[in-house]
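Inspection log for the structure reproduced underneath, given as structure tokens.
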Amino acid sequence: MIIKMRAVCNKISKLTLIMVLMTMMLAGCSTSKPRQSQTITPSEKSQGSKMTFAERFDTIVDQYKDYNCFTAQFKLSVNAPQQISFSGRAYIERNKSIYLSLRKFGMEVARLYVANDSLVAVDRFNKRYVAESLKDVLANCPITIGNIQSLLIGQVFEPGDNKPRASHFDIDRQSENSQWIALPKGMPAGLEAGYVFSDETDSLLAFAVKGGATIFLTRYLEYYSSPVGPLSGDVDIRVQGIKIPLEITIDWTWNGSVWNKPSEMKQFVTPDRGYQQIAAGDLLKLLKWTDGPTDCNHYHNIFACCCGASRWC
């Protein structure tokens with residue numbers, strides 16, 4: 001069991017490593033700017049008092065509409081391990097690819113591309129890049145491209161499925177707070193994952209996945225109405241249990257987003273000659289695993305730990 005959990009932990013580390021690596025490579029071109037403000041459409045009042053938790057869960061998922069692609073602007077702010085911010089544009093093809101273009105001082109300085117068979121992070125400022133097989137990166141984690149897309153915009157997913165149903169989750173009230181939780185059934189050994197929702201509005205508040213001592217936690221603070229259902233305008237990502245802390249905020253500008261227009265999509269260009277490829281495996285020593293939040297063992301599930309021990313929810 002220890003060997004299995006360590007293997008799962010190492011697989012999660014590659015995803016974390018790519019994000020840490022990009023932050024460290026680009027730290028030299030950072031400046032400090034105030035955070036953007038956005039106009040948010042409030043979530044509608046929940047009818048939860050008249051419905052079971054399972055019915056509330058399915059009602060949330062039923063709000064989501066299918067889409068083929070979209071492009072939208074965002075601001076990416078990294079608070080750890082370095083403080084750095086970028087403006088950016090996302091080009092998303094549903095269940096196929098994620099292309100993020102990051103800009104600084106009016107020019108593109110980085111690209112991140114995730115497709116069904118690859119993950120490439122390009123530092124154009126320093127002419128370096130990391131390329132990994134997505135299959136190797138995800139390994140035992142039952143996560144798809146569609147799942148990652150849903151995670152980035154604040155929509156609920158079941159690992160391996162974009163339209164989950166309540167019957168595939170263990171759902172109950174989080175007694176410590178005015179919240180309720182949904183934990184997917186059938187996760188691989190050594191992995192825990194799930195969601196926490198507001199009991200008042202049924203808004204998705206957080207998603208977390210835990211492998212070994214490593215916790216990947218995503219928090220959603222604000223929501224917009226959109227043609228494809230409610231979307232988070234503020235996505236906070238934190239990774240705990242590693243030597244180098246990682247905290248990222250994505251502020252989406254949904255007002256100018258364009259949906260279902262393939263002509264608006266931009267094709268990713270593979271780095272040409274003159275770029276140095278950096279092997280992600282050579283940098284794993286930077287991510288020395290810790291014992292994680294030591295008081296997690298006193299809590300009955302992953303959310304009680306994240307929201308109680310770290311007080312992040």
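The values are calculated or read from the model by the stated rules, or taken from the named source; none is laboratory data. Nothing here was measured: the structure is a model prediction, and the numbers come from that model. Please note: Cβ atoms are built from the backbone with ideal geometry, for glycine as well, and neighbour counts cover all protein chains shown. Note: areas computed on protein heavy atoms with side chains; ligands, DNA, RNA excluded. Shrake-Rupley method; radii C 1.70, N 1.55, O 1.52, S 1.80 Å.
Here is a check on your reading of the model: is residue 239 at pLDDT below 90, in a strand (DSSP E or B), open to solvent by less than 40 Å² (accessible area, probe 1.4 Å) and under 20 Å from residue 152 (Cα atoms)? I'd like the intermediate steps shown before the answer.
Values: at pLDDT below 90: yes; in a strand (DSSP E or B): yes; open to solvent by less than 40 Å² (accessible area, probe 1.4 Å): yes; under 20 Å from residue 152 (Cα atoms): yes.
Here the answer is yes, as residue 239 does meet what is asked.
Screening segment 272-294 for residues that are open to solvent by less than 90 Å² (accessible area, probe 1.4 Å) and at pLDDT 85 or above and picking the one that is nearest to residue 85 (Cα to Cα) gives 275. The strands (runs of 3 or more DSSP E) found wholly in segment 161-202 and carrying at least 2 residues that are open to solvent by 40 Å² or more (accessible area, probe 1.4 Å) occupy 169-174.
Taking the criterion of being in a strand (DSSP E or B) and either over 26 Å from residue 61 (Cβ atoms) or open to solvent by less than 30 Å² (accessible area, probe 1.4 Å) (or both), the residues of segment 242-256 that qualify are 242, 246, 247, 248, 249, 250, 251, 252, 254, 256.
I'd like to check something: does segment 72-82 contain any residue that is polar (S, T, N, Q), closer than 15 Å to residue 148 by Cβ and in a strand (DSSP E or B)?
The answer is no; no qualifying residue exists.
Which residues, taken from segment 142-154, are under 11 Å from the mean Cα position of the chain (by Cα) and open to solvent by less than 10 Å² (accessible area, probe 1.4 Å)?
At the first step, the residues of segment 142-154 found to be under 11 Å from the mean Cα position of the chain (by Cα) are 147-154.
Within segment 142-154, 147, 149, 150, 153, 154 qualify.
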